[in-house]
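Written below as structure tokens is the structure these notes are about.
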Amino acid sequence: MISEKAKIAELIALADRLVGDRLHQSLTDVDKILLEQALGGTKLKDIQVVGYAPSTVERVFAPRLWKLLSEACQQKVSFKNSRLVLEEYNRQTQSPLRSASPPEPAAETKSRTAAEGPSKEGRSPLPSSILENLPAPTSTAFIGREAEIERLLELLSPDHAAHLISIAGIGGVGKTSLAVECARRCLAASRNPQAHSRVPQFDALIFVSAKLCYLESFGLLERFDPMRSLQDILQQIAEVLGETELVGASLKEQIQIIHRALRGGSSPISRSRRTLLIIDNLETMENQQVVLSFLHDLPPSVKSLVTTREQSVFVPVRLVAMPTHEALSLIQHEACEKGVHLNATERRALLQGTGGLPVAIHYAIGQLANGYDLATVLQGISNASGDVARFCFETTVNGLREQAAHRLLMTLALFPAVVLRETLFQVADEAAHSESLQVALAQLCQLSLVNQTGNRYGMLPLTQEYALAELKAHPDFARAVRRRWVVWALKFSMPYANQEVNTWHLSFDGLQEEWQNLRAIADFCMTEGWYDELLQLWQNVKSYTYSMGRRKGRQDYWGDRLRWTAWLIAQSTQRSEWRTAAAVMLDRAWTLTATRKPRALEEAEQLFEQIQTLRDYQDQSFQTEWAKKMSVLRTQQRQFDEAHQLLDEAEALLNPADWTAGKYTRQQIQLHYYRGMTYFAAGQIAASKQSFETARAQAQQVGWERAVRMTENWLADIAVQEGKLDEAEQLLVEGLRMAEQQDDPTRSAYVKRSFAGLVRARGNDSEARRWALDALNLFEQLGMPYEAEEMRAFSDDCSEAALKPL
């Protein structure tokens, strides 16, 4: 007599087959757990599914299940009648598990559908002779990876010559899920070719997994019986195909039996059996070469799809972390399924914490559903000894210890951005032979621990966290490699030192690609107290940070300057290195002055005054720079008399002997330029015009193009005030052309600001507002709030003026 548990299992299997045969879908694990309890008489409100709130089960999963079963059974199925309907189907078919064809619907439904014609999907159920043992989906929907699916389906097509295909990628990147999803699409096409004409079709789909454990929200779950040998593969194929002759046969005989079964039988006229064979987790298989040899020798009607962490020589589909939009979609989907509410900020934090790795996303959402807070979950994910890290990396990395590949992995973890191979080798081990390091790097790429992008190499964030923990566990190597890391940064950045920032002809080629790495090294020097190294690095890159702040945005690049200079000032003062302290103070004061923020100007004034007490430690050229730059601060503070006094002092200090000929002339140009600014701010337009014309003439003589355009911008503003609007337009048109040609958004913003004033002077407020908004957008992008607010007020004023009646 069949037990109650067996009866329920029989009905669940029947429901799964009905859904598969008629709707080409499958019941999920949640569906089966829910149905098992419903068939067993549990009240709906009392049904429990681990990881989900009861309300989510009742309001989300239960209605979906009844709808699915209603469509499959072609009659209404509910919580109350589900057992009655399924038992009726089971009595008609008398087949507790799979059969050659789907069961007939109940008599009432059969007569109704016969009168109505085909089902609402537009097709009648077809005989199901497809043999398969695919695992049930772990989610109600497969999110993302459409490009990879399209590629895999193309490779699985009989029109493609490849018969051995791999999905390669780091642990947890979704290789198994992708393979099963493609297989399920092929299964649906095989059952209903008309509905999926472009998807490959198979007579048998066989899944063999050598995976040792699963990662669930409650931790690592070891598999009870992983299939790790060729004999296991043969046995699984035999079970699916219904072969019973393997018992007692030798390995050679077993292979022959399987080959014959895959060919469709021993008859010479029998049709080859189109088969999809999936080998999951090849890297944990015993005697991999024997397994690969078996796969290579399979009949041409067999497509073998292998998932592996090792990049293989056969046709590969390589998986990396999910793109941002796909990862966010997966986070949202998983959260909805498990009844977890996440706002946009929390979803972004989860994306960053998981690095777009699907297994980490599933784990994190499951943890949240179990009541953990987001901070705890994110901390656990990044923990190198946590479940996620162990699942993804432990087995692979353990096999690398005491090898060059292990040292290379730990070295690469120091770099937050992708890095050139030569740099990686130089930092990893100066004494090692290049050939051995190339072999080690190839091994890391093959194991999917390292990703290659062009001629640069990097790793996923979670891989980096694990590798950094490995580095911490090897302190002697860590000390040596970090020293080489910093030395590389100093040598690399040396050629970029002392460049003139106020020109369009800067040479920072190559530095932008390494900037994230250099920033990390500078921050490391601060953290570890490496004063001399950070001072040298700052001197090498300060021109670059100033220039990039002007081109890309002040907040990031100038933020770095301000962090580093604050630390260097404190350290140099503590060491009584007054010459260095004064130099760093001047750089910081000038940066703060350029921001024009009230608090920044207050600090800048304090620094300029401190520098004044240290002027005896500096030469005359430094004192010239101090007086010139402090005059700009006084102009912004509208202390015009003191600004002119400082400019007079700078002129008196300016000695040709202290400068090369070109730099001496540039100093003169700057003094005229800043004096013109001071006169303009004070409303002395004639004097301002004279200073700017002198500055422009000198800049033209030495070919300083950027200075020419900057002075002409001011001269255009003066021309507007003088009513010479055509002259102003001519200057601004050329200025904007040059700024955009030289990719200088700061200059473009200032010119557009002047254009707004020019157009408004012509009486066109709506057009003036357009120019003002263009300037406003640029100022905001560049992190220039003072100028942005000025343009916002101008734009509002134009709007009000445009609304006034004539």
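Is it the case that G549 is open to solvent by less than 40 Å² (accessible area, probe 1.4 Å) and closer than 20 Å to M526 by Cβ? Outline the logic, then answer.
Working: open to solvent by less than 40 Å² (accessible area, probe 1.4 Å): yes; closer than 20 Å to M526 by Cβ: yes.
In short, yes.
With the requirement that a residue be at pLDDT 75 or above and part of a strand (DSSP E or B), what does the stretch 202-238 give you? Explain how you work it out, then say what you get.
Step one: list which residues in the stretch 202-238 are at pLDDT 75 or above, which gives 202-213, 215-216, 227-238.
Once the filter is applied, which keeps residues that are at pLDDT 75 or above and part of a strand (DSSP E or B), the stretch 202-238 yields A204, L205, I206, F207, V208, S209, C213, L215, E216.
Of the residues in the stretch 166-186, how many are assigned to a helix (DSSP H, G or I) and closer than 17 Å to S139 by Cβ? Reasoning before the result, please.
The first filter runs over the stretch 166-186 and keeps only residues assigned to a helix (DSSP H, G or I), leaving 175-186.
From what's left, closer than 17 Å to S139 by Cβ: 175-185.
The total comes to 11.
Name every residue in the stretch 152-189 that is open to solvent by 20 Å² or more (accessible area, probe 1.4 Å) and more than 23 Å from V291 (Cβ to Cβ), in order of residue number.
Hits for the stretch 152-189 are L153, E154, S157, P158, D159, E181, R184, R185.
Of the residues Q443, Q499, only one is assigned to a loop (DSSP other than H, G, I, E, B) and over 19 Å from the mean Cα position of the chain (by Cα); which? Write out each step before concluding.
Working: Q443 fails: assigned to a loop (DSSP other than H, G, I, E, B).
Just one listed residue meets the conditions, Q499.
Is it true that some residue in the stretch 409-428 is farther than 30 Å from C525 by Cα and crowded, with 23+ Cβ neighbours inside 10 Å? It would help to see each step written out before you state the result.
From the stretch 409-428, those farther than 30 Å from C525 by Cα are none; that's our starting set.
No, there is no match, as no residue in the stretch 409-428 is farther than 30 Å from C525 by Cα and crowded, with 23+ Cβ neighbours inside 10 Å.
If I ask for residues that are among the polar types (S, T, N, Q), out of contact with any Pro (no Cβ under 9 Å at 6 or more places or on another chain) and open to solvent by 20 Å² or more (accessible area, probe 1.4 Å), which ones from the stretch 512-546 would you list? First the steps, then the outcome.
Going through the stretch 512-546, the residues among the polar types (S, T, N, Q) turn out to be 512, 516-517, 527, 536, 539-540, 543, 545.
The next check asks that each one be out of contact with any Pro (no Cβ under 9 Å at 6 or more places or on another chain); those that pass are 512, 527, 536, 539, 543, 545.
Q512, T527, Q536, Q539, listed by residue number.
In the set V487, V481, which member is modelled with pLDDT of 90 or more, among the β-branched types (V, I, T) and buried (at least 16 other Cβ atoms within 10 Å of the Cβ)? Can you show your working first?
Details: V487 fails: buried (at least 16 other Cβ atoms within 10 Å of the Cβ).
Matching residue, one of V487, V481: V481.
When V481 is evaluated against the numbered criteria (1) over 24 Å from S385 (Cβ atoms); (2) assigned to a helix (DSSP H, G or I); (3) of a type outside the set (S, T, Y), which criterion, by number, is the only one it fails?
Answer for V481: the failing condition is (1).
Is at least one residue of the stretch 265-275 of a type outside the set (K, R), in a helix (DSSP H, G or I), at pLDDT below 90 and within 23 Å of L134 (Cβ to Cβ)?
Within the stretch 265-275 (the criterion being of a type outside the set (K, R), in a helix (DSSP H, G or I), at pLDDT below 90 and within 23 Å of L134 (Cβ to Cβ)), the answer is no, since none of the residues qualifies.
Residues that are farther than 23 Å from E326 by Cβ, open to solvent by 10 Å² or more (accessible area, probe 1.4 Å) and among the hydrophobic types (A, V, I, L, M, F, W, C): does the stretch 373-393 have at least one?
yes
Would you tally the residues in the stretch 430-466 being without any contact (Cβ under 8 Å) to a residue 60 or more places away in the chain and not charged (D, E, K, R)?
Taking the stretch 430-466 first, the residues without any contact (Cβ under 8 Å) to a residue 60 or more places away in the chain are 430-444, 450, 452-459, 464.
Subset that is not charged (D, E, K, R): 431-434, 436-444, 450, 452-455, 457-459, 464.
Summing the residues that are without any contact (Cβ under 8 Å) to a residue 60 or more places away in the chain and not charged (D, E, K, R) in the stretch 430-466 gives 22.
Within the stretch 544-555, is there a residue that is farther than 19 Å from E514 by Cβ and either free of Cβ contacts under 8 Å to residues at least 60 places away in the same chain or not basic (K, R) (or both)? Break it down into steps so the answer makes sense when it comes.
Narrowing the stretch 544-555 to residues farther than 19 Å from E514 by Cβ: 550, 554-555.
From what's left, either free of Cβ contacts under 8 Å to residues at least 60 places away in the same chain or not basic (K, R) (or both): 555.
Checking the stretch 544-555: at least one residue is farther than 19 Å from E514 by Cβ and either free of Cβ contacts under 8 Å to residues at least 60 places away in the same chain or not basic (K, R) (or both).
Taking only the stretch 34-79 into account, find how many residues are assigned to a helix (DSSP H, G or I), modelled with pLDDT of 80 or more and either open to solvent by 50 Å² or more (accessible area, probe 1.4 Å) or not small (G, A, S) (or both).
So the first thing to find is which residues in the stretch 34-79 are assigned to a helix (DSSP H, G or I), and the list is 34-39, 44-46, 54-73.
Retained after the next criterion (residues that are modelled with pLDDT of 80 or more): 34-39, 44-46, 62-73.
Those still in the list that are either open to solvent by 50 Å² or more (accessible area, probe 1.4 Å) or not small (G, A, S) (or both) too: 34-37, 39, 44-46, 63-69, 71, 73.
The total comes to 17.
Out of the stretch 654-675, which residues are open to solvent by 30 Å² or more (accessible area, probe 1.4 Å), aliphatic (A, V, I, L, M) and more than 50 Å from the chain's Cα centre (by Cα)?
The one that is open to solvent by 30 Å² or more (accessible area, probe 1.4 Å), aliphatic (A, V, I, L, M) and more than 50 Å from the chain's Cα centre (by Cα): A657.
The values are calculated or read from the model by the stated rules, or taken from the named source; none is laboratory data. Because the structure is predicted, anything quoted here is derived from the model rather than measured. Virtual Cβ from ideal backbone geometry, glycine too; neighbours counted across all protein chains shown. Quick note on the areas: whole protein, heavy atoms, side chains included, nothing else; ligands and nucleic acids left out. Shrake-Rupley method; radii C 1.70, N 1.55, O 1.52, S 1.80 Å.
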